[in-house]
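A quick write-up on the structure given underneath.
The values are calculated or read from the model by the stated rules, or taken from the named source; none is laboratory data. Quantities reported herein were computed from a predicted structural model and do not represent experimental measurements. We place every Cβ from the backbone using ideal geometry, glycine too, and count neighbours over all the protein chains shown.
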Amino acid sequence: MKRISTEIEGLYVLESEPVSDHRGRFARLFCARELAEIGLEKPIAQINLSLTRAKGAIRGMHFQNPPHAELKIIRCIRGACFDVAVDLRPHSPSYLKWHAEILTPDNFRAMYIPEGFAHGFQALEPDTELLYCHTEYYVPESEDGVRFDDPAIAIVWPLPVTDMSTRDMQFKNISDACKRTNNAPD
């Protein structure tokens with residue numbers, strides 16, 4: 001597994017290296033030892049699967065507040081997505097910066113998103129499925145998010161938004177989220 005740095009410290013793209021022959025291909029999608037070498041100290045606590053039916057639909061921008069903040073590894077196993085991570089670490093030099101990757105089953109890429117980031121994605125094809133590995137269990141009381149269209153973050157989504165959950169539409173802008181979590185920068 002190859003680790004590719006992004007412009008945001010701690011946020012990586014992981015690239016599996018498939019082996020192909022006349023039967024098809026094989027790729028390792030998860031290796032605890034290799035992930036430990038790049039800083040994954042906690043074990044994976046939960047693995048989730050999402051199916052997004054509509055092209056253009058957005059899920060996000062989600063995170064869990066401390067003490068249940070989590071590292072996520074996101075991989076697309078069907079369809080394609082524009083996967084986004086936003087740095088919400090208040091003292092980070094890249095605070096409110098975002099990074100996006102196109103994830104598909106064929107590019108064998110995954111996003112390695114550390115604690116302190118919001119995550120979301122836009123489906124680029126119908127019936128897009130993502131596999132999520134989390135280092136924390138889902139705790140509803142710690143769940144939070146920021147708006148996908150927050151002007152302070154200014155994510156440039158590649159497609160018009162076709163669908164979104166009511167919950168995700170009700171998230172506040174980052175300035176309000178920081179007040180809720182006491183994460184306002186000094």
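General observations
- Number of positions in region 41-70 that are part of a loop (DSSP other than H, G, I, E, B) and under 19 Å from Thr135 (Cβ atoms): 11
- Residue tally, condition in contact with a strand residue (DSSP E or B) (Cβ under 6 Å, 6 or more places away or on another chain) and assigned to a loop (DSSP other than H, G, I, E, B), over region 1-15: 4
- Any hit, region 80-87, residues being farther than 23 Å from Glu143 by Cβ and either in contact with a Cys (Cβ under 8 Å, 6 or more places away or on another chain) or not in a loop (DSSP other than H, G, I, E, B) (or both): no
- Within region 3-57, the set of residues being among the polar types (S, T, N, Q), touching a residue at least 40 places away in the same chain (Cβ under 8 Å) and farther than 29 Å from Asp163 by Cβ comprises just one member, Ser16.
Residue by residue, here is whether (1) surrounded by fewer than 16 Cβ atoms within 10 Å (Cβ to Cβ); (2) among the hydroxyl-bearing types (Ser, Thr, Tyr); (3) part of a strand (DSSP E or B) holds:
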| residue | (1), (2), (3) |
| --- | --- |
| Ile77 | yes, no, yes |
| Ser92 | no, yes, no |
| Glu115 | no, no, no |
| Phe121 | no, no, yes |
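- Residue under evaluation Phe82, criteria (1) closer than 15 Å to Thr135 by Cβ; (2) surrounded by fewer than 22 Cβ atoms within 10 Å (Cβ to Cβ), criterion not met: (1)
- Residues that are under 21 Å from Ala100 (Cα atoms) and loosely packed, with under 13 Cβ neighbours inside 10 Å within region 129-151 comprise just one, Pro151.
- A single entry from Ile73, Ile58 fulfils the requirement of being within 23 Å of Asp176 (Cβ to Cβ) and hydrophobic (A, V, I, L, M, F, W, C): Ile58.
- Cross-chain or 6+ apart pairs with Cβ under 8 Å, region 129-141 first and under 12 Å from Met111 (Cα atoms), then at pLDDT below 95 and aromatic (Phe, Trp, Tyr): Cys133/Phe30
Residues checked against (1) in contact (Cβ under 8 Å) with a residue 60 or more places away in the chain; (2) among the hydroxyl-bearing types (Ser, Thr, Tyr):
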| residue | (1), (2) |
| --- | --- |
| Phe82 | yes, no |
| Ser94 | yes, yes |
| Ala100 | no, no |
| Ala110 | yes, no |
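- Considering region 28-50, and only residues there that are within 16 Å of the chain's Cα centre (by Cα) and β-branched (Val, Ile, Thr), the residue that is modelled with the highest pLDDT turns out to be Ile47.
- Within region 139-154, the residues that satisfy the criterion of being in a loop (DSSP other than H, G, I, E, B) and either under 15 Å from the mean Cα position of the chain (by Cα) or of a type in the set (Val, Ile, Thr) (or both) are Val139, Arg147, Phe148, Ile153.
- Flag for Asp106 being closer than 22 Å to Leu35 by Cα, of a type in the set (Asp, Glu) and either touching a Lys or Arg at 6+ places or on another chain (Cβ under 7 Å) or not in a strand (DSSP E or B) (or both): yes
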